[in-house]
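One structure is given here, and the rest of the page talks about it.
The values are calculated or read from the model by the stated rules, or taken from the named source; none is laboratory data. As the structure is a prediction and not an experimental result, all values here were calculated from the model. Cβ placement follows ideal geometry from the backbone for every residue including glycine, while neighbour counts extend to all protein chains displayed. To get the accessible areas, we keep the full protein, side chains included, count just its heavy atoms, and leave off ligands, DNA and RNA. Shrake-Rupley method; radii C 1.70, N 1.55, O 1.52, S 1.80 Å.
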Amino acid sequence: QVQLVESGGGLVQAGGSLGLSCAASGNPNSINAFGWYRQTPGQQREFIASISSSGDTYFGHSVKGRATISRANATNTVDLQMNILKPEDTGVYYCVAFTNQNDYWGQGTQVTVSS
């Protein structure tokens, strides 16, 4: 079992930056990779970024070039930094931990980008 808690959401103006953090507990050593997804009303959950245990990173098309993702294995945290935010970045951001047995999702944190 892995528990995830996201933090760092809030209201930000377009063009600004925001950092999200996700803390894992329970059995963090079982985590192979972390990911971030975004959910907006009426839309499917959208892939934002992921990072593997070896540090390989991947980004969704909508944020490529504007986002970075990093993980600290010592503290079992993964951070997402987004820059040059746009109103369409608004949504609930979810952290996910991928293990061999299951995927574990956090409760999500709201990000609102005002124009």
Looking at the stretch 72-81, can you tell me whether even one residue there is over 15 Å from the mean Cα position of the chain (by Cα) and acidic (Asp, Glu)? no
Checking the condition in contact (Cβ under 8 Å) with a residue 24 or more places away in the chain, within 20 Å of Ser114 (Cβ to Cβ) and among the hydroxyl-bearing types (Ser, Thr, Tyr), which residue from Ser21, Ser30, Ser17 passes? Ser17
For the stretch 82-102, state whether one or more residues are open to solvent by 60 Å² or more (accessible area, probe 1.4 Å) and assigned to a strand (DSSP E or B). no
Residues of the stretch 50-87 being on the phi < 0 side of the Ramachandran plot, among the β-branched types (Val, Ile, Thr) and in contact with a Gly (Cβ under 9 Å, 6 or more places away or on another chain), in sequence order, are Ile51, Ile69, Val78
Residue hits (the stretch 44-67; free of Cβ contacts under 8 Å to residues at least 12 places away in the same chain and either more than 16 Å from Asp103 (Cβ to Cβ) or in contact with a Ser or Thr (Cβ under 7 Å, 6 or more places away or on another chain) (or both)) are Ser54, Asp56, Tyr58, Phe59, His61, Lys64, Gly65
Residue count, the stretch 58-81, condition part of a loop (DSSP other than H, G, I, E, B) and open to solvent by less than 50 Å² (accessible area, probe 1.4 Å), comes to 5
Residues in the stretch 68-76: is at least one more than 18 Å from Thr99 (Cα to Cα) and hydrophobic (A, V, I, L, M, F, W, C)? yes
Identify all residues within the stretch 103-112 that are part of a strand (DSSP E or B) and either within 14 Å of the chain's Cα centre (by Cα) or closer than 12 Å to Val2 by Cβ (or both); write none if there are none. Asp103, Tyr104, Trp105, Thr109, Gln110, Val111
Any chance Thr75 is modelled with pLDDT under 95 and under 28 Å from Asn27 (Cβ atoms): yes
